Amino acid sequence: MCGIVGIVGKEAVADRLLDGLKRLEYRGYDSAGICTIDHAAFDRRRAQGKLRNLAARLIEAPLAGDIGIAHTRWATHGAPTEDNAHPHIVGDVVIVHNGIIENFKPLRDELIADGRTFASQTDTEVVAHLIAREVEKGVPAREAVAVVLPRLHGAFALAVMVLTEPDVIIGARLGAPLTVGYGDGENYLGSDALALAPLTQRIAYLEEGDWVAVSRERVEIYDRDNNPVERPIVHSGASGQLIDKGNHRHFMQKEIYEQPVVVAQTLGSYIRPLEGVVALPDMEFDLGSVERVAIVACGTASYVGMIGKYWIEQFARLPVEVDVASEFRYRDPVLLPNTLGIVISQSGETADTLAALRHMKSSGVTTAGIINVPTSSMAREVDLLLPTHAGPEIGVASTKAFTCQLAVMAALAVNLARAKERLSADEEREIVRHLVEVPAAMSAALAHDEEIEAMAPAIAQARDVLYLGRGPDYPMALEGALKLKEISYIHAEGYASGEMKHGPIALIDDAVPLIVIAPSGPLFDKTVSNMQEAQARGAQVVLISDAEGIAQAGEGTIATIEMPKVHPLIAPIVYAIPVQLLAYHVAVAKGTDVDQPRNLAKSVTVE
Ligand code: F6R
């Protein structure tokens, strides 16, 4: 999950390549590099760490050349050092790579036995050597790449330049995205349309196994059998503007605050408040024929799936299975006829979720996708696209995408219920009334920001933090724990509150804060009993509830966070706010890199 940009330009490319990398930094920020061809030779700059380090290096030592490739890395093979940073040069060949070459070890052994030496620990350098070996035999650049591609197993996107054909960038993809951009007298390659947005809006998406030779005048695309093919050129619609933080200290904070607006925007395209109905985009299949639902996603998006299970089962009375995508694809899932497969993804590029989607489609399952990036692979491949309108999410920790996904999931659950004749028009109207209240309730939740900030330094001292919830608040507990651990590096776990007695309660002592998510409602008393069992053992409880819940159970807690009183259906969307704010302020108190936490990347395009 790295980012790739390539430009075969009419004029100098280094600055534009760097700009493209800025748009791709969400894919990885361990190291970055650019290589151009200048006066028939490679010239390369690389830097460990964030892109700003590469930018600084380019100021000290600018790069000339009107053709070049660039890369931002999330390390898979080899530590995030400068030696392992891409581009990798071997003889007359330079390469950047996104993905994993799974058979790199036998290939590397073969190359070493052939007397070749390696300058890095990466799987990528193996590909550079394989191509260079062909080029050294006099094989033309394109043929050299075409000969090597079938030897590579795994998922990858590549961009290659060869000095024997210095006006061409050769790209290839299998299991990782690569797009071709068409310019005026120049052409481009990029991991996504966003990277190329300021350069061109005319984009072709390469298909699995395709490879391409991009020169100034021509783009020649071949399929995996080396037959010339055409791929449609589409208008990407991706914005060329670089997004800034506005008045906020971090993107994550800005994105938390955007939620009332973007959730309203998202809901606006699914509900008709005046008529009191929920409506999905037009579709070619009948939701009434659905007999079961399989939801697949990763991380935060998978918690939306878990909440969706509660909703779909409750409203539509359909059985729902939820899987994390990395497990789904390898456990040979049983997909019965009339299953609706749902994938949920902010990026639309998460490798495991994409593979799960393809598995469902190849099993004959109709698929729907709740996806934020409309140009993504998943958005293009699902049968029914259910877009979220969160706008670009830059902070690595997902916030506004999560609540927008919940909004769409609620709309989908209601549609399924109506299609299955489980919901009367009055009941639907009632649900729409509650959904309309969400943005205002989210704004009311945001008003507690300062209180939450004030309690953060105490939580920041903890080594472990536990989150508890019941029903749809159980996935919220998982989400709270994930958010806290990924940006503050504090160990945190979420539990279904009823499970505490079955083991986790042994962890409780007065040094372990217990965050309890408990809106008043049918499950409140049960959650509070579990909370009190923990309190009796010294737990330091922070209770997130409404005024009624806090009046009933706030005593003996170290802090309370008061949410507006909302219907249990919409509670997960509203309660996401304090959970996100708590993680955010704890991370700020700890001084971590909130928007780009260590070891992570925004889009996980490797397994
Ligand atoms: C956590 C987070 C991740 C993503 C996960 C799936 O804050 O952002 O857990 O939710 O990597 O990513 P998408 O939604 O792009 O498929």
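For the range 87-104, the condition holds for at least one residue, the condition being that it is assigned to a helix (DSSP H, G or I) and out of contact with any Phe, Trp or Tyr (no Cβ under 8 Å at 6 or more places or on another chain). When the range 315-340 is filtered for residues that are polar (S, T, N, Q) and at pLDDT 95 or above, the ones remaining, listed by number, are Asn338, Thr339. For first residues located in the range 272-293 and farther than 19 Å from Ile370 by Cα and open to solvent by 60 Å² or more (accessible area, probe 1.4 Å), partners that are among the basic types (Lys, Arg) and at pLDDT 90 or above and lie 6+ apart or on another chain with Cβ distances below 9 Å form the pairs Pro273/Arg433; Glu275/Arg429. Any idea which residue in the range 242-267 is farthest from Pro572 (Cα to Cα), counting only those that are loosely packed, with under 15 Cβ neighbours inside 10 Å and either in contact (Cβ under 8 Å) with a residue 24 or more places away in the chain or of a type in the set (A, V, I, L, M, F, W, C) (or both)? The qualifying residue farthest from Pro572 (Cα to Cα) is Leu242. Count of the range 202-223 residues, restricted to those that are under 23 Å from the mean Cα position of the chain (by Cα) and of a type outside the set (Asp, Glu), is 4. Residues in the range 470-490 that are under 24 Å from Asn599 (Cβ atoms) and either within 12 Å of the ligand (Cβ to nearest atom) or over 22 Å from the mean Cα position of the chain (by Cα) (or both): 10 in all. Scanning the range 2-57 for residues that are part of a loop (DSSP other than H, G, I, E, B), crowded, with 20+ Cβ neighbours inside 10 Å and on the phi < 0 side of the Ramachandran plot gives Cys2, Gly9, Val13, Tyr29, Asp30. Taking the range 353-368 as the range and being open to solvent by 20 Å² or more (accessible area, probe 1.4 Å) and of a type outside the set (A, V, I, L, M, F, W, C) as the test, the residues that pass are Arg358, His359, Lys361, Ser362, Ser363, Gly364, Thr366. Leu423 - would you say it is within 26 Å of the chain's Cα centre (by Cα), away from the ligand (no atom under 12 Å from the Cβ), more than 30 Å from Asn599 (Cβ to Cβ) and not in a helix (DSSP H, G or I)? So Leu423 fails the test. Arg433 passes every criterion in (1) crowded, with 16+ Cβ neighbours inside 10 Å; (2) closer than 15 Å to Ile570 by Cβ; (3) not small (Gly, Ala, Ser) apart from (1).
Just wondering, is there one or more residues in the range 140-162 that are in a loop (DSSP other than H, G, I, E, B) and under 17 Å from Asn226 (Cβ atoms)? Looking for residues that are in a loop (DSSP other than H, G, I, E, B) and under 17 Å from Asn226 (Cβ atoms), one finds at least one in the range 140-162, hence yes. For the range 320-355, the candidate set comprises residues that are among the hydroxyl-bearing types (Ser, Thr, Tyr) and over 21 Å from Phe402 (Cβ atoms); within that set, the residue that is nearest to the chain's Cα centre (by Cα) is Tyr330. When Leu543, Leu582, Leu569 are checked against the criterion of being within 16 Å of the ligand (Cβ to nearest atom) and either open to solvent by less than 60 Å² (accessible area, probe 1.4 Å) or acidic (Asp, Glu) (or both), a single residue qualifies: Leu582.
The values are calculated or read from the model by the stated rules, or taken from the named source; none is laboratory data. Source: prediction; values computed, not measured. All Cβ positions, even for glycine, are placed from backbone atoms using ideal geometry, and neighbour counts span all protein chains on display. For the accessible areas, the whole protein counts, side chains as well, though only heavy atoms, and no ligand, DNA or RNA atoms are used. Shrake-Rupley method; radii C 1.70, N 1.55, O 1.52, S 1.80 Å.
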